[in-house]
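The values are calculated or read from the model by the stated rules, or taken from the named source; none is laboratory data. Everything quoted here is computed from the prediction, not taken from an experiment. Because the Cβ atoms are built from the backbone with ideal geometry, glycine has one as well, and the counts that use them run over all protein chains shown.
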Amino acid sequence: MYRIPQHRGRDTNSYLISTRIPCSIFNMNNLNLKNSPLGNTVAYISEYDPSLLFPIPRKIKRDEISVPVELPFFGVDIWNAFELSWLNEKGKPNVAIAQITFPCELPFLIESKSLKLYFNSFNQTKIATAEEVRETIERDLSEAAGGDVLVTIQTASDFASQQIQELDGISIDNEDVSIEQYKIERSYLRVSDETVEETLQSQLLKSNCLVTGQPDWASLQIRYKGPKIDRKGLLKYIISFRQHNEFHEQCIERIFMDIAQLCRAEKLSVYGRYTRRGGLDINPFRSNFEKKPDNIRTSRQ
């Protein structure tokens with residue numbers, strides 16, 4: 001049976017060195033992904049290799065949208081991995097769904113293609129139990145992200161429990177709006193003098209991958225208390241992301257910061273449920289008053 005090697009502690013610089021990722025690529029004023037597998041042709045490794053994981057500093061894009069060092073939100077990035085498989089001691093395959101929870105306070109996010117390649121590296125690896133797989137993934141991702149990551153695994157016997165559920169809230173997608181451009185326009189965000197507490201949702205969020213330009217589709221939920229947000233303006237603002245290039249987590253943080261600043265929300269949560277690509281869906285949640293949301297699965301996921 002293949003034995004999973006033990007790693008060094010969770011020192012971020014040591015991790016970057018041990019995984020052969022040059023620290024110099026992380027220019028904090030310019031996100032340089034030339035050494036990332038994203039957008040590049042790479043070989044698929046089918047035996048366990050944690051060096052495939054590619055961490056990206058969150059601070060770079062946060063500086064761009066003026067997120068202070070003391071974060072104005074808390075939250076998580078919930079990833080669901082639907083293509084996890086390994087071999088048991090007799091060589092028989094197992095399949096599972098992994099749920100990964102990255103706290104947004106961690107200094108690094110993980111580039112999604114590298115995570116797909118990492119999961120692929122389990123395919124021909126013999127591991128005795130699902131718990132050993134879970135512990136290995138949790139350890140590797142915690143080292144890569146620079147802090148504690150939570151991993152749970154659902155094996156095939158539990159797949160029937162998967163349920164479809166939509167984000168709750170009032171849909172704003174039927175608002176009659178005219179769209180003149182598809183470039184982020186913060187001025188669309190307007191409020192009235194009325195104070196409300198409500199939950200709004202839209203299926204019309206779409207952005208593009210920062211590197212490849214591939215489309216990223218999402219359902220969006222906004223829960224807030226404060227001056228009432230103009231729904232037509234909010235919908236136009238959401239649609240204005242349509243040609244914007246940014247990672248999922250960064251888009252949700254940008255939306256949170258814009259609404260918090262321009263709409264003066266006293267309480268605010270922003271939750272994005274993105275559709276799956278490469279067997280992974282990514283679901284960022286940011287809030288200044290709510291705990292971690294339920295990991296629902298929408299009809300588009």
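Summary of computed values
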{"item": "From the options Gln221, Gln203, Gln250, Gln261, residue that is crowded, with 18+ Cβ neighbours inside 10 Å, in contact with a helix residue (DSSP H, G or I) (Cβ under 9 Å, 6 or more places away or on another chain) and not acidic (Asp, Glu)", "result": "Gln250"}
{"item": "Unmet requirement for Glu131, which otherwise passes all of (1) of a type in the set (Asp, Glu); (2) within 30 Å of Ile238 (Cβ to Cβ); (3) more than 22 Å from the chain's Cα centre (by Cα)", "result": "(2)"}
{"item": "Enumeration of residues in segment 61-91 that are within 27 Å of Tyr118 (Cβ to Cβ) and of a type in the set (Phe, Trp, Tyr)", "result": "Phe74, Trp79, Phe82, Trp86"}
{"item": "Unique residue being over 18 Å from Gly213 (Cβ atoms) and surrounded by 17 or more Cβ atoms within 10 Å (Cβ to Cβ) when the list is Ile282, Ile296", "result": "Ile296"}
{"item": "Residue in segment 184-200 that is farther than 16 Å from Arg254 by Cα, buried (at least 18 other Cβ atoms within 10 Å of the Cβ) and in contact with a strand residue (DSSP E or B) (Cβ under 6 Å, 6 or more places away or on another chain) present", "result": "yes"}
{"item": "Qualifying positions in segment 117-146 - touching a strand residue (DSSP E or B) at 6+ places or on another chain (Cβ under 7 Å) and over 13 Å from Ala96 (Cβ atoms)", "result": "Gln124, Thr125, Lys126, Glu138, Leu141, Ala144, Ala145, Gly146"}
{"item": "Criterion (in contact (Cβ under 8 Å) with a residue 40 or more places away in the chain, touching a Leu at 6+ places or on another chain (Cβ under 7 Å) and more than 26 Å from Lys59 (Cα to Cα)) met by exactly one of Gly226, Gly233, Gly272", "result": "Gly233"}
{"item": "Val95, sole failed condition from (1) in contact with a Ser or Thr (Cβ under 7 Å, 6 or more places away or on another chain); (2) farther than 28 Å from Ala43 by Cβ", "result": "(2)"}
{"item": "Only listed residue being assigned by TED's automatic domain parsing to the domain that holds Lys92, touching a residue at least 60 places away in the same chain (Cβ under 8 Å) and not aromatic (Phe, Trp, Tyr), chosen from Lys116, Lys183", "result": "Lys116"}
{"item": "Qualifying residue in segment 258-276 (condition: farther than 30 Å from Lys113 by Cβ, among the hydroxyl-bearing types (Ser, Thr, Tyr), at pLDDT 95 or above and in contact with a strand residue (DSSP E or B) (Cβ under 6 Å, 6 or more places away or on another chain))", "result": "no"}
